[in-house]
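The values are calculated or read from the model by the stated rules, or taken from the named source; none is laboratory data. These numbers come from a predicted model, not from an experiment. All Cβ positions, glycine included, derive from the backbone under ideal geometry; neighbour counts span all protein chains shown. We work out accessible area using only protein heavy atoms, side chains counted, and drop any ligands, DNA or RNA first. Shrake-Rupley method; radii C 1.70, N 1.55, O 1.52, S 1.80 Å.
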Amino acid sequence: MKHKIVSAEEAVALVRDGDTLINTGFIGSGAPEALLVTLERRFLETGSPRNLTLMFAAGQGDSGERGLNHLGHDGLLKRVVGGHWGLIPKVAKLALANRIEGWNLPQGVISQLYRAIAGRKPGVITKVGLGTFVDPRREGGRINDISTEHLVELIELAGEQWLFYKAFPVNVAFCRGTTADPNGNVTMEREALTLDNLAMAMAAKNSGGLVIVQVERIAEAGSLNPKAVKIPGILVDCVVVASPEHHWQTYGIPYDPAYASEIRVPLGSLTPLPLDDRKLIARRCVFELPAGGVVNLGIGMPEGVASVANEEQVLKYVTLTTEPGAIGGVPQAGLNFGADVNAEAIIDQNEQFDFYDGGGLDMACLGLAECDEEGNLNVSRFGPKLAGAGGFINISQNARKIVFAGTFTAGGLKIAVEDGRLRIVQEGRARKFVKQVGQVTFSGSYARETQQPVLYVTERCVFRLTQNGLALAEVAPESTSNATFLRTWSSHPSLSIRKKWTRAFSAPISWVSIATSSASATLPPASATTWSATSCSSTSKACGYVTKKTWKRYRKQWRAAASASAVLSMSLLTTIHSALTTVCSIRTPR
């Protein structure tokens, strides 16, 4: 079929009740906004199509109205299988209310499922998800009670346990590119990412379905460079030219030539982060970057690592990557996350996850939302809030080393860094370190089985995963009285790490310090712990930053926690939380 250029209304009219729709995009990069807007309008005006099955890999929305939020209407969707739900609250609300069936599967697995569907394979066999909420021995990825089908099975193959994710046919694929010709050949020269467009188009075509592609312009037939064509015309049924307002490069910006690799920008022109909790944590994480290594940075707090590494001019010693396919350069943040400045290469998302799943990452830095004493992490679901795992499970389970980054508490935390020391201006309302996480997105026990090194970095302390559970490894330099507290750690075997943590506050970051970060170091012996009269004018009231009575009560626990082999029981974890909160008190001396 030639001359495949049609209006958005004509293309969307081909979607039927009960169809299975797959949609491309990473946040806003590559999102076919015009097609989604038109599909929503058709449903609201006619009540059709109804009962669609939607499948998507990465999060595709802006936490508001755009992206897959256009499909968040009763009756339009019947079931949804998605990787990251946090950016599509309108759809997540339907799942949490049992108004649609819903599954949360790893982003990389869904991305690879497109290839399996294209090749008419039964599904994807992988270890990704073992021990997490996706494991059928836990929740099987099901979001609610009405989602009864088992999309994930535990199998044994060659004497090992694996997870089998089932494939299913696809009726419609919404894809996106930059330029198309009348034959349906599509290029992506102005896109930030190529994503899974080719695999998705093949999956739909080989399922007997339709491929609809949104572009921003049309070229003469035969004029496109064959090597630049990302979706061949033999796979495409309809081409829709979108209006500019529905074809932003990302949800953060209409177009940036640096994101499309048209230009390279001077890295010194990038604005550095202010010295806040985010930058403080990012600076500590930068000291873990491996010499010559390949690193993944997650969304949220870890985004700051790229900025700090650029500011400290150590990017040339590492290669930063993001899961949608960017390799090298500086990953961007916020609604531009996924886009990359000065990238060395852009590959398809499913290929990036092949590399990640096979152990290609030397290190990954991911967000820290909720953690328990076993080292389990939950970043996917918090009571009535459904965030989804995204690529977290693929990345955290297979990287050679993991650094989780996040504040010690959440909800209103305010800090100040003064003279190289930390002061808690206002404590957060919610604790992140709990007895048991609400959902297991990262399994501490699985990490111990694979002997994976794991750190948990906050603005005031660092934990690490041991064979027996979570252990306190480092404490940041804080207020005057906390200098006394630090002297109780004189026998700690990781003094070089604690010294490195101190430098994270203000000292320059150099590649030498990063490359030798695991080397041992000797600090001058500290004097015995004493209570300084200058620290407090009262022995019974709250003063300075901690009372003498409180200090004595917790001193033994602190010394025990300082031991490298000290595992955190819930009671000790609570003690540590209370004492860290007290030591960093906002009260001033009397």
Taking H placed 1.01 Å from N in the peptide plane, check which residues at least 5 places from Phe26 or on another chain put their amide H under 5 Å from its amide H.
Ala31
How much of the accessible area of the stretch 215-304, in percent, comes from carbon and sulfur atoms when a 1.4 Å probe is used?
59
Name the residues whose placed amide hydrogens come within less than 5 Å of the amide hydrogen of Val265, ignoring near sequence neighbours (fewer than 5 apart) on the same chain.
Asn342
Could you please state how large a percent of the accessible area of the stretch 72-214 is carbon and sulfur, counting protein chains only and using a 1.4 Å probe?
50
Any chance you could check the Cα centroid distance between the stretch 194-228 and the stretch 258-322 for me, in angstrom?
33
Sequence ranges 445-451, 28-34, ranked by mean other-Cβ count within 10 angstrom, highest first
28-34, 445-451
Test of understanding: what is the full-extension gain from Lys227 to Arg137, defined as 0.36 nm times their sequence separation minus their Cα-Cα distance?
27.8 nm
antiparallel share of DSSP beta bridges within the stretch 332-472, to nearest 5, in %, is 65
What full-extension length gain, to one decimal in nm, is calculated for Asn468 and Phe168 as 0.36 nm per residue of separation minus the Cα-Cα distance?
103.9 nm
Can you grab the distance from the C-alpha centre of the stretch 387-428 to the C-alpha centre of the stretch 76-108, Å, no decimals?
26
Accessible surface, the stretch 79-201, averaged per residue in Å² (probe 1.4 Å)
33
In nm, the gap between the two label points placed 7 Å beyond Cα toward Cβ at Glu220 and Arg16 is 4.0
What ³J(HN,Hα) values, in whole Hz, does the Karplus curve 6.51 cos²θ - 1.76 cosθ + 1.60 give for the stretch 203-211 when θ = phi - 60°, with x put for Gly and Pro?
4, 5, 4, 6, 8, x, x, 10, 10
Here, Gln313 and Ala430, labelled 7 Å along Cα→Cβ, have an inter-label distance in nm of 4.1
Evaluate the distance, in nm, between pseudo-label points positioned 7 Å from the Cα of Ile263 and of Ile155 along their respective Cα→Cβ axes.
5.1
Amide H to amide H, which residues 5 or more places from Leu413 or on other chains are under 5 Å from it, using H placed in the peptide plane?
Gly428, Arg429
Using a 1.4 angstrom probe, figure out how much accessible area the stretch 267-368 has per residue, in square angstrom, rounded to the nearest whole.
30
Output ordering of 372-385, 244-257, 325-338, 264-277 (per-residue mean of other Cβ within 10 Å, highest first) is 325-338, 372-385, 244-257, 264-277
Rounded to the nearest 5, what is the percent of antiparallel bridges among the DSSP beta bridges in the stretch 1-123?
15
Table column - 3J(HN,Hα) (Hz), the stretch 437-452, Karplus curve with 6.51, -1.76, 1.60, x for Gly and Pro
6, x, 8, 8, 8, 10, 9, x, 5, 5, 5, 5, 4, 8, 6, 8
